[in-house]
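Novice: A single structure is presented below for examination.
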Amino acid sequence: MHSHLLTLLIFMPILAVPLILLLPRKSHGAIRITAAVFTGIQLALAIYLCAIFTDTGDFQFKEKYNWIETFNIQYYLGIDGISILMVLLTPLICFLAVFASWGINKGVKGYFSLMLLLNTGMMGVFCALDFFLFYVFWEITLLPMYFLIGIWGGPRKEYAAIKFFLYTLVGSVLMLLVMLAFYFKSDPHTFDLTELANQYKNFTSFGIIAFIGLYIAFAVKVPAFPFHTWLPDAHTEAPTAISVILAGILLKMGVYGILRICLPILPEATRSLAIYLVIIGVINIIYGALCTMAQKDMKRLIAYSSISHMGFCLLGIGVAVSGVAVVKDAVIGLNGAVLQMFNHGCISGMLFLLAGVIYDRAHHRDIDGFGGLANRMPLYTAMMTLAIFASMGLPGLSGFVGEFLVFLGAFKVNMPATVIAVFGVVLTAGYFLWMFRRMFLGPLNPKYANLTEINGREMFTLVPLGLIVIFVGIYPMPVINMVNNSLVRLLELVAR
Amino acid sequence: MTNYLWLIPLLPALGAIINLMIGRFLGKRTVSLLACGGILGSFVLSAVTFFQLIKLPADARVIHNVVYQWLNIGKLNAEVAFLVDPLSIIMLLVVTGVSFLIHVYSVGYMADDKRYARYFGFLNLFVFAMILLVAADNLLLMFIGWEGVGLCSYLLIGFWFEKKANATAGKKAFIVNRIGDFGFMLGIFLLFWSLDSVSFQGLQAALAAHPLSTGLATAICLLLFVGAAGKSAQIPLYVWLPDAMAGPTPVSALIHAATMVTAGVYMIARMNFLYVLSPTAMLVVAIVGVATAFYAGTIALVQNDIKKVLAYSTISQLGYMFLGVGVGAFAAGIFHLMTHAFFKALLFLGSGSVIHGTGGEQDMRKMGGVRKFMPITFWTFLIATVAIAGIPPFAGFFSKDEILWKTFSSGHRVLWAVGLAGAVLTAFYMSRLVFMTFFGENRAHHVDHHPPDQEPSGHDVCCDDDSTRDKSHHAHIHESPKTMTIPLMVLAVLSIVGGLVGIPHALKGANHIEEFMAPVFANSGIIHVEKHVSTGGHDAAVLPVGEHHGDTTLELLLMVLSVGLVLISIYGAYYCYIKKKDIPGRIAQKFSGLHKLLLNKYYIDEIYQQVLIKSLLALNNILAYKIDLGVIDKIVNGLGTSTIKVAKASGWMDKNVVDGAVNGTGQTVLAFGQVVRQPQSGRLKDYLTWVVAGIIMLVGLIWFFVLK
């Protein structure tokens, strides 16, 4: 089974689609349960995979078959420390998202089918080692996301979906062009990412342009300033579960793409442009945080905070590449970036789930329209407290570990950038505590005197993420051990 | 013998977990037993550790316990490990001991609270974090505790969150502390990259191997001091502490007086080996400390809320501790930290007892004569007042005088004079508090009659402590229950005898505490007091601290001087508030400008609000609405619209100019335009067509290039 574990992981969710399509349209329960069972199996497989995974720095669980021989396109899968956390997080978030979608009553069949397709696409992105395959999976995620927002979204869903689509499409076109360029520059022509990394010298002549093309494709997903404005709209309009997937996983595809493709294939260009990654990372952190403070809608606030927090990933990568001359120091920041991907996935997932909980009850998300919820919903408040403090980077919770490592790594390489970025943690505390004060503390708004406490199903979606947040905060070494060797290896490739 | 150290933080942690998770179902008795029991266990273990420690030879008094590896990447190696030496054992004993007493007190004070279990859960969590902070063997673990206590402070200040002001005060505390932590974190980073270590022992070893440049040492020390100033409420980051009094009074006593706020002093004492490398940083610490001591003292003179007076008094006393460590008298600073923990906890608990007994009253103008109704509270409170005022042989005298003497003897004459003036202020405002609260006639029924000094307009954060409790002003004033008075009595005893461990050599004492901690501060035996013209210490010299044989007479003289001034100050307060009660009002009228300035705390809060917060909010709005929506989105929308136009145009071209063979492509482009314009579920097919066409195009493209 080990030899096909990744294939199984990727396609497990899509196996459920024909079953779902066969089920009667009205049997919502059966459709949901089918989706839950298949994503549950996928999650179990992913956990098993993590359990038997040891980070050697090399790709493991490789599967390699010729797909379109004429163009030397391969069905090539494999994972290492850079992808392992995402390979775990994706099934987890998608599994929880099924339960967060329990309230969807419109077009249930289509909704779950698209969500499962999205799941397969994302898993594929994190496992693919052939650029063409990567690209196909990348595009597969675009389609379901577009429809999930555009059909099941809020009042301005059309605008949000189009915006998401346009931004991403521009990025995809650029990625396609660079991919083809790699193909034709390589000798023999190949899409194989490991092979492309070996032939990196072939790409030095146009490295800068290729990097920028790829960067824009990935930056849109991260999203990095100034390609970020689709995110608040997409999040605000998307249904809860889709926001969770969007923030939890989809954004990480951008950071992952930079790590998996830009760094090993374009080491020289990456090194010479690393300072811009640092600058954009800092802009994301500060600009994102300042914009967050001005938000009045809870989901928009969380969305902007995501922009700010994804800035840590860019900063971490930027400083690791800048300081690559001393790999053992540089890897500190890169560990931070990869950890931040995982942590932000869990934390923002929690935050969006929590936003969904209150939206389902009050049917609005206006921060000033609440007040004193802590009085009425203590358990919900407790979960929110955990999530926002994790997001603020409270030591002892997971968010801190990632941020701290990024900052620590950054400080050695670029002190001014670090000083500005660290100030972001003050701003983060500002906006979250401000939101918390308005919504949860103070006298109870009489309008909401009858709100019901968070229910069992909602708790079920939150508790696993909460436990991870606490565990990683208290004992981060198991996670570091899963990624560190691969990151050292990656930086050695960059240092070439 | 060393592997039980981890139990000291674990016991309160378990208490916190149980009480927070299932405390609601346990009943108050079980909750309080769990909470107090855990802390008592920690205290007993600390005491056992103390006795083990003193059995060791003086220079080998270090117990180290590695629990597990927290982070290990490259050079970075941070363990969850505990270090107990003479410095941290004193802190551990003070923290667990005072915490235990305050837990017991809380059993009575919070008896009627509906969130009883949550309160004790938070309080236990605080003690856990505080133990991490003081027992940590490295800066990173200390920082975890450091922010952990900040979290608990936030949660407990806003414990009665139904009142908006309480919630706001909690938020303010956390954010101001975060500003401090900003500096602290940068300090850790700079330190790590300079010396490749975060553990205290590792840092000392690294320093011994290759010394640090003075500039670098200064930078690190000042950054760390930013953190200390935030946590320990020093200028300019003190603004959160007075508001923090919105929390339940035992919380004010434990967190915002006795333990958490002293963390900054402890951190500097812990990092003494680094601070001594930078005379500049030390001087900054001392100046900020003494300035805060005096400044906060002036504000305390005119406040009418009993807890506010104590809050400013705390800020002021913390200033003395910083003055102590700043002039290199680390042991004296920690000594004052310890005695202050006793008498300030007692003052707060006493005030809590008064508030409890008078049914929620905090305004001293509505008190008076309380001593007749609450004898235990009164006597213990009086002892604490005498202790803080600095009258021998009470605890505060020895520690404060030690600091002042060390300041003087190390050549900082101006700092000493300011410190002495602060001590006079302390004696005055504390006496005023006692006279207004406990003496004279009870004024509870003259509620409507406001003296000329009005409550400052704007915000009065904590005029009543507990909105959930019945707080009739006409409730009969009564003594508090035993769970509250017993801790008062224990703390009163400590406030009397606590200073005896540090009787200076000048008074033929042994100064045990300084001697005990001496190994920790061994590296800092010599303090370089350079000629700081700015401080006026033109006759300063390099003085080995602790070796001032010829100065005994001088030391005694200064002692007499300070005690004399303090006694005069107390008499002054007596004269103003007992004998001629119209004097304060007359002075307030005569110097109404100054009086208003002090009453409104120099308007610092207002300035922060108007200048910093307002401009930040304005910036936020510009970025979020003018730039994001105004510029970037305009461009995106423009691009979108023009894409549709182009698609339409090319569609028209295809239809009318090119036909037949290339129709497929044209239609896809057109379909895309339509999808872009009107995305609906009905158009799914069109879209899929386009995707298929796109893939065909892609393959065609590759085909073309390959053939070429």
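Novice: If you check B:97, B:108, which single one turns out to be away from chain A (no Cβ under 14 Å), without any contact (Cβ under 8 Å) to a residue 60 or more places away in the chain and among the small types (Gly, Ala, Ser)?
Specialist: B:97
Novice: Only one of these conditions is not met by residue A:340: (1) out of contact with any His (no Cβ under 8 Å at 6 or more places or on another chain); (2) surrounded by 24 or more Cβ atoms within 10 Å (Cβ to Cβ). Which number is it?
Specialist: Checking residue A:340 against (1) out of contact with any His (no Cβ under 8 Å at 6 or more places or on another chain); (2) surrounded by 24 or more Cβ atoms within 10 Å (Cβ to Cβ), the one that fails is (1).
Novice: So, one more: Is it the case that residue B:198 is surrounded by 19 or more Cβ atoms within 10 Å (Cβ to Cβ), of a type in the set (Val, Ile, Thr) and under 17 Å from residue B:75 (Cα atoms)?
Specialist: Taking the combined requirement at face value, the residue satisfies it.
Novice: Just the residues that are away from every other protein chain (no Cβ under 12 Å), crowded, with 18+ Cβ neighbours inside 10 Å and over 30 Å from residue B:629 (Cα atoms), please, taken from the stretch A:174-193.
Specialist: Residues satisfying the conditions are A:178, A:182, A:186, A:190, A:192, A:193.
Novice: Further, regarding this structure: Kindly evaluate residue B:44 against the criterion of being over 30 Å from residue A:332 (Cα atoms), buried (at least 24 other Cβ atoms within 10 Å of the Cβ) and β-branched (Val, Ile, Thr).
Specialist: For residue B:44, the condition - over 30 Å from residue A:332 (Cα atoms), buried (at least 24 other Cβ atoms within 10 Å of the Cβ) and β-branched (Val, Ile, Thr) - is not met.
Novice: Here is a list: B:159, B:128, B:174, B:122. Which entry is closer than 25 Å to residue B:335 by Cα and under 20 Å from the mean Cα position of the chain (by Cα)?
Specialist: B:128
Novice: Would you confirm, using the coordinates I've provided, whether residue A:147 is of a type outside the set (Ser, Thr, Tyr) and without any contact (Cβ under 8 Å) to a residue 40 or more places away in the chain?
Specialist: Answer is yes for this residue.
Novice: Just give me the residues in the stretch B:142-160 being at the interface with another protein chain (Cβ under 9 Å from one of its Cβ atoms) and either more than 17 Å from residue A:385 (Cα to Cα) or surrounded by 24 or more Cβ atoms within 10 Å (Cβ to Cβ) (or both), in sequence order.
Specialist: Result: B:143, B:144, B:145, B:146, B:147, B:150, B:154, B:158.
Novice: Something else: Just to verify a result, which residue in the stretch A:284-295, among those that are among the hydrophobic types (A, V, I, L, M, F, W, C) and buried (at least 22 other Cβ atoms within 10 Å of the Cβ), is nearest to the chain's Cα centre (by Cα)?
Specialist: A:285
Novice: For the stretch B:29-41: of the residues being without any contact (Cβ under 8 Å) to a residue 60 or more places away in the chain and of a type outside the set (Ser, Thr, Tyr), which is surrounded by the fewest Cβ atoms within 10 Å (Cβ to Cβ)?
Specialist: Among residues in the stretch B:29-41 that are without any contact (Cβ under 8 Å) to a residue 60 or more places away in the chain and of a type outside the set (Ser, Thr, Tyr), the one surrounded by the fewest Cβ atoms within 10 Å (Cβ to Cβ) is B:29.
Novice: Tell me, yes or no, whether the stretch A:97-117 has at least one residue that is more than 14 Å from every other protein chain (Cβ to nearest Cβ) and touching a Pro at 6+ places or on another chain (Cβ under 6 Å).
Specialist: Yes, some residue in the stretch A:97-117 is more than 14 Å from every other protein chain (Cβ to nearest Cβ) and touching a Pro at 6+ places or on another chain (Cβ under 6 Å).
Novice: Keeping to the stretch A:287-315, report how many residues are assigned to a helix (DSSP H, G or I), of a type in the set (S, T, N, Q) and facing chain B (nearest Cβ under 9 Å).
Specialist: Here the count works out to 1.
Novice: Take the residues in the stretch A:213-237 that are assigned to a loop (DSSP other than H, G, I, E, B) and not polar (S, T, N, Q), then tell me which one is farthest from the other protein chains (Cβ to nearest Cβ).
Specialist: Among them, the one singled out is A:222.
Novice: For the stretch A:58-77, enumerate the residues that are within 12 Å of another protein chain (Cβ to nearest Cβ) and in a strand (DSSP E or B).
Specialist: Those that are within 12 Å of another protein chain (Cβ to nearest Cβ) and in a strand (DSSP E or B): A:68, A:73.
Novice: Considering each of B:391, B:383 in turn, give the residue that is touching a residue at least 60 places away in the same chain (Cβ under 8 Å) and buried (at least 19 other Cβ atoms within 10 Å of the Cβ).
Specialist: B:383
Novice: Considering (1) more than 13 Å from every other protein chain (Cβ to nearest Cβ); (2) out of contact with any Lys or Arg (no Cβ under 8 Å at 6 or more places or on another chain); (3) surrounded by 14 or more Cβ atoms within 10 Å (Cβ to Cβ), say which one residue A:473 fails and leave the rest.
Specialist: Here residue A:473 meets the rest and fails (1).
Novice: Can you tell me which residue in the stretch B:94-109 is surrounded by the fewest Cβ atoms within 10 Å (Cβ to Cβ), limited to those that are out of contact with any Cys (no Cβ under 7 Å at 6 or more places or on another chain) and not β-branched (Val, Ile, Thr)?
Specialist: Applying the filter and picking the extreme gives B:108.
Novice: Enumerate the helices (runs of 4 or more DSSP H) found wholly within the stretch B:220-273, keeping only those where 2 or more residues are among the hydroxyl-bearing types (Ser, Thr, Tyr).
Specialist: B:249-253
Novice: If residue B:648 satisfies all but one of (1) at pLDDT 85 or above; (2) more than 9 Å from chain A (Cβ to nearest Cβ), what's the number of the condition it fails?
Specialist: Condition not satisfied by residue B:648: (1).
Novice: Next up: Just checking: which of the helices (runs of 4 or more DSSP H) contained wholly in the stretch A:316-430 hold 3 or more residues that are facing chain B (nearest Cβ under 9 Å), in contact with a helix residue (DSSP H, G or I) (Cβ under 6 Å, 6 or more places away or on another chain) and not basic (Lys, Arg)?
Specialist: A:327-362, A:398-413
Novice: Let me confirm something: among B:26, B:87, B:20, B:5, which residue is surrounded by 21 or more Cβ atoms within 10 Å (Cβ to Cβ) and farther than 26 Å from residue B:491 by Cβ?
Specialist: B:5
Novice: Might you let me know whether the stretch A:433-453 holds any residue that is away from chain B (no Cβ under 14 Å) and within 30 Å of residue A:263 (Cβ to Cβ)?
Specialist: No, the stretch A:433-453 contains no residue that is away from chain B (no Cβ under 14 Å) and within 30 Å of residue A:263 (Cβ to Cβ).
The values are calculated or read from the model by the stated rules, or taken from the named source; none is laboratory data. Computed from a predicted structure; not experimentally measured. Neighbour counts are summed over all protein chains in view; Cβ atoms, including those assigned to glycine, are modelled from backbone coordinates with ideal geometry.
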